[in-house]
Amino acid sequence: MANQLMVVIPCYNEEEVLPETSKRLVDKMNSLMERGLITEDSRVLLVDDGSKDRTWEMISELHKENPLFEGLKLSRNRGHQNALLAGLMTARNRCDISISMDADLQDDMDAMDRFIEKYNEGCEIVYGVRNKRETDTFFKRETALFFYRLMKALGVDITYNHADYRLMSNRALNALAEFREVNLFLRGLAPLVGFQSDVVYYDRSERFAGESKYPLKKMLAFAIDGITSFSVKPLRLITTVGIVIFLVSILMLLYALIAWLTGNTVAGWTSMLGSIWLIGGIQLLSLGIIGEYIGKIYNETKNRPRFIIDRYLNRRGDDPVIDQ
Ligand code: UDP
Ligand code: MG
């Protein structure tokens with residue numbers, strides 16, 4: 001049974017990898033078509049996330065040369081998650097299945113066969129999961145592991161070592177469209193969509209060329225967004241800390257009273273200084289955490305568009321208006 005596939009790839013300043021990526025995609029798509037896994041009108045949708053280099057020119061050229069490639073140009077850089085969502089929402093109702101992957105060839109394309117097999121077995125969502133992280137730096141590996149553990153501890157359902165290499169059926173895409181949140185963390189949303197799902201393991205290789213678009217600062221912001229978009233446990237933790245400190249303060253008061261009654265009121269400079277810094281630090285941290293959530297509410301209530309499409313290059317002749 002052949003299904004119409006749409007591969008969605010967000011690209012931000014990827015001129016160095018696009019020639020190789022597109023070549024491999026053509027081979028892969030052809031072989032999938034030959035094997036009868038996907039239909040002849042399957043497509044690759046390259047989403048240009050406001051790149052500052054020649055990425056869009058290259059996408060336009062690819063589209064001109066080969067009808068396999070479609071191009072979507074965002075009005076400006078909106079970040080990986082928004083670019084991916086723009087691509088997926090464009091693919092919605094224009095295909096039977098979508099597969100999202102990165103432009104840098106880190107995700108093994110040969111896993112796509114197994115993705116589609118799982119779909120044919122009845123899965124609506126298939127998660128690509130890395131076998132190992134040998135190609136990442138020690139630092140990236142350890143921080144990623146810590147992040148996944150933290151998310152789990154906070155009660156967020158995400159798949160360990162799953163990035164955004166994922167198959168979603170058109171049904172799953174339509175369900176995803178119902179989630180209107182502006183703070184996007186797609187790998188946390190997919191499990192909320194539900195349906196029958198499975199994982200496929202693959203080896204993740206090194207970035208083919210160019211640099212990672214996720215420096216430490218962006219990684220941290222992504223992690224904080226992920227946590228505060230999906231878990232209110234940090235807020236509860238503040239309450240718990242507050243209760244504990246309150247109980248401790250009662251004990252301290254008792255101690256101070258006894259000391260006063262027994263006449264042992266010598267100035268305790270060290271303990272005083274220590275507690276001031278400790279309580280002050282905890283208060284600031286708590287305020288910061290609450291601020292994170294208020295910031296989220298602020299962004300959600302404004303309900304700004306999650307992406308704005310500048311151009312959509314395709315040969316279907318269909319309405320290029322894409323629902324948010
Ligand atoms: N990307 C994007 N917009 C951005 C940053 C990244 O569309 O603002 C794309 C990028 O082109 C790539 C994917 O997101 O296809 C993942 O980025 P990258 O490979 O740099 O992240 P890493 O694999 O290092 O986590
Ligand atoms: Mg990468």
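Overview of values
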{"quantity": "Length gained when the stretch I279-E61 is fully extended (0.36 nm per residue, less Cα-Cα span)", "calculated": "72.5 nm"}
{"quantity": "Ranked packing of 306-312, 243-249, most packed first, by mean Cβ within 10 Å", "calculated": "306-312, 243-249"}
{"quantity": "222 nm mean residue ellipticity, helices alone, for the chain (DSSP H n ≥ 4; -39,500 (n - 2.57); rounded to 500)", "calculated": "-16500 deg cm²/dmol"}
{"quantity": "³J(HN,Hα), Karplus 6.51/-1.76/1.60, whole Hz, each residue of the range 290-296, x for Gly, Pro", "calculated": "4, x, 4, 5, 5, x, 4"}
{"quantity": "Nearest-20 debye value, the range 109-260 charge dipole, Cβ charges on Lys, Arg, Asp, Glu", "calculated": "480 debye"}
{"quantity": "Given charges at beta-carbon only (K, R positive; D, E negative), |dipole| of the range 1-103 in Debye", "calculated": "340 debye"}
{"quantity": "Low-density loop positions, trypsin sites (Lys or Arg not before Pro), the range 65-151 - DSSP coil, at most 14 other Cβ in 10 Å", "calculated": "R76, K132"}
{"quantity": "Sparse-neighbour loop sites [trypsin sites (Lys or Arg not before Pro); the range 7-53; at most 13 other C-beta within 10 Å; DSSP]", "calculated": "R35, K52"}
{"quantity": "Between helix 233-261 and the chain: long-axis angle, C-alpha atoms, 0 to 90°, nearest 10", "calculated": "10 degrees"}
{"quantity": "Phi-based couplings in Hz for the range 166-173 (Karplus 6.51, -1.76, 1.60; Gly and Pro marked x)", "calculated": "7, 9, 10, 6, 4, 4, 5, 5"}
{"quantity": "Cα gyration tensor, the chain - rounded (a/c under 1.5), prolate or oblate", "calculated": "prolate"}
{"quantity": "Residues T240 and L261, FRET efficiency given R0 of 30 Å [Cβ-Cβ distance, rounded to 0.05]", "calculated": "0.40"}
{"quantity": "Cα gyration tensor category, rounded, prolate or oblate, for the range 96-137 with a/c compared to 1.5", "calculated": "prolate"}
{"quantity": "0 to 90° range, to nearest 10: angle between helix 138-153 axis and the chain longest Cα axis", "calculated": "70 degrees"}
{"quantity": "Hz values of 3J(HN,Hα) by residue in the range 14-29 - Karplus curve (6.51, -1.76, 1.60), Gly and Pro given as x", "calculated": "10, 4, 6, 9, 3, x, 6, 4, 5, 4, 5, 5, 4, 4, 5, 4"}
{"quantity": "Exposed GluC sites (Glu not before Pro) absent: longest stretch of the chain, with sites in DSSP loops and at most 12 other Cβ within 10 Å deemed exposed", "calculated": "212-324"}
{"quantity": "Trypsin sites (Lys or Arg not before Pro) restricted to DSSP loop in the range 169-240 with at most 15 other C-beta within 10 Å", "calculated": "R180"}
{"quantity": "Cα gyration tensor shape for the range 150-240, rounded if a/c is under 1.5, else prolate or oblate", "calculated": "oblate"}
{"quantity": "Subset of K132/K152; K73/K217; K28/K64; K213/K296 violating a 22 Å alpha-carbon distance limit", "calculated": "K73/K217; K213/K296"}
{"quantity": "Charge-dipole axis of the range 8-61 as Lys and Arg at +1 and Asp and Glu at -1 on Cβ define it, positive-most pick from T39, G50, L25", "calculated": "T39"}
{"quantity": "Gain on full stretching of the segment that runs from L150 to M1 - 0.36 nm per residue minus C-alpha separation", "calculated": "49.5 nm"}
{"quantity": "Relative contact order (percent, whole number), the chain, Cα cutoff 8 Å, 6+ residue spacing", "calculated": "23 percent"}
{"quantity": "Cβ-based charge dipole, the chain, positive-most Cα from F147, I290, Y255", "calculated": "Y255"}
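None of the figures in this text is laboratory data; all of them are computed from the coordinates on show. These numbers were taken from a predicted model, which means no experiment stands behind them. Glycine also receives a Cβ, built like all others from the backbone with ideal geometry; neighbour counts cover every protein chain displayed.
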